[in-house]
Amino acid sequence: MRTIIVGSRQSQLALTQTNHVIEALKEICQIHNIQAQFEIKKIVTKGDKILDVTLSKVGGKGLFVKEIEQAMLDGEIDIAVHSMKDMPSDLPEGLMIGAVPKREDVRDCIVSQEYNSLFDLPKGAVIGTSSLRRASQIKNYRPDFQIKFIRGNIGTRINKLNDGEYDAIVLATAGLNRVGWQDKITEYISTELCIPAVGQGALGIECRDDDEFIMKLLSLYNDEKTAKTVQAERAFLATLNGSCEIPVAAHGILQKDEDTADIQLFGLVGSPDGETVIKDKIVGNDPEKLGVQLAQRLIDRGADRILDEVRGEN
Ligand SMILES: NCc1[nH]cc(CCC(=O)O)c1CC(=O)O
């Protein structure tokens, strides 16, 4: 009997996701007669300790992932569940994403006490988000809105909304669904109005690339369709050098049901003030190539200039 140690951050979302994945893996073990048991090991990351500054100012998404990866390389844990959205483009030598399970709701949503939709919000409304991607697209839709940065886990953000600091906040639907708070959602934002973050709504299970037992188990949990579309989105982000939080969005959709289906990939780079938004769409079969080509098209149209400016400010 193999004991698989699962590393997890302590937040409600992280622990809920980890438990959900463990339940799914247990089921797979049962079906395939694999002998394994699971234990959770909690890890506090640097990103959990620094909560009062914009993520992009303190070193970006990697903050949440680095310590967990070190624990995996050191053999203290065997696997870890991440939001694909929080995964940097490059993984450390020796680690891999062993499974990308089926993606759930990819959309952003708003939560508001007083108003029923983005459209209904009054002129000059204060919108809480710490994502430059959301800020750019929402300001592009409604230039009168004021963006006010907000950080902390989902519970903290909703408390700040209830304190009256914001007229509405923007969150990932998947995160609210996973912690069982879907009833707090005021409005789902269409992916046309706000293209989601690369990997949003998808999980990734990371493991060591020499652990055959776990690689085999995770391959049974992988969802080929989700993996393909997320791969295209990640290739897009990597080509734009998207290592830290920048105003970049991408969403891959499989056009048909067969495994050979074409991927439709939407991508966007926007200025944080929403004044300039460059977006395009590409269709094809090779996820890696699609991501690179779409990014190149946006670069040809000036995406690099926007990104250089944002990076300069940080
Ligand atoms: N930025 C943090 C983060 N990372 C993953 C999710 C939600 C779950 C997901 O998108 O997979 C969230 C919260 C949010 O953006 O509202």
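Read the figures in this text as sums done on the coordinates, not as results from a lab. As the structure is a prediction and not an experimental result, all values here were calculated from the model. Note: ideal-geometry Cβ built from the backbone for every residue, glycine included; neighbour counts use all protein chains shown.
General remarks:
- Taking θ as phi - 60° and the Karplus parameters 6.51, -1.76 and 1.60, the scalar couplings of the range 168-185 work out to 7, 10, 10, 9, 7, 3, 4, x, 5, 4, 5, 8, x, 10, 4, 6, 7, 6 Hz in sequence order, x denoting glycine and proline.
- By the rule of a C-alpha distance below 29 Å, with chain neighbours fewer than 8 residues away ignored, the lysines paired with LYS160 are LYS42, LYS46, LYS49, LYS57, LYS61, LYS66, LYS85, LYS123, LYS139, LYS148, LYS184.
- The H on the amide N of LEU95, modeled in the peptide plane, is under 5 Å from the matching H of ASP209, each at least 5 residues off or on a different chain.
- Per residue, the convex hull spanned by the alpha carbons of the range 108-188 comes to 80 Å³.
- Taking a sphere under 12 Å around the Cβ of ILE147 and counting the other residues whose Cβ falls inside, with K and R at +1 and D and E at -1, yields a net charge of +2.
- Residues with amide H under 5 Å from that of VAL248, placed H, sequence gap 5 or more: ARG133
- Size descriptors for the range 224-314: radius of gyration and Dmax over Cα atoms are 13.3, 45 Å.
- Under 5 Å, built H, 5+ apart or other chain: amide partners of ILE189: ASP108, CYS109, ILE110
- Taken along the Cα-to-beta-carbon direction at a fixed 7 Å, the label points for ASP273 and GLU76 span 4.5 nm.
- Here's the list of aspartates and glutamates a cross-link from LYS26 could span, going by alpha-carbon distance under 13 Å and ignoring same-chain residues fewer than 8 apart: GLU39.
- Over the range 108-188, relative contact order from alpha-carbon pairs under 8 Å, at least 6 apart, %: 48
- Debye log10 I(q)/I(0) for the chain, one point scatterer per Cα, at q = 0.11, 0.12, 0.14, 0.16 Å⁻¹: -0.68, -0.82, -1.11, -1.42
- For the chain, the antiparallel share of DSSP beta bridges with both residues in that region comes to about 70%.
- The stretch between GLN35 and GLN12, if pulled fully straight at 0.36 nm per residue, gains 5.4 nm over its current Cα-Cα span.
- Remark: the range 113-124, residue by residue, has Karplus-estimated 3J(HN,Hα) of 7, 9, 10, 9, 6, 4, 4, 6, 4, x, 4, x Hz, where x stands for each Gly or Pro and the curve is 6.51 cos²θ - 1.76 cosθ + 1.60 at θ = phi - 60°.
- Annotation: extensible slack from THR3 through HIS20 equals 4.4 nm (criterion: 0.36 nm per residue apart, minus Cα-Cα distance).
- Seen from VAL6, the other residues with C-beta closer than 12 Å to its C-beta sum to a net charge of -1, counting Lys and Arg as +1 and Asp and Glu as -1.
- Inter-label distance for ARG301 and ASP120, nm, one decimal - labels placed 7 Å from Cα along Cα-to-Cβ: 3.3
- Pairwise FRET efficiency - LEU220 versus ASP262, Cβ, R0 = 41 Å, nearest 0.05: 0.95
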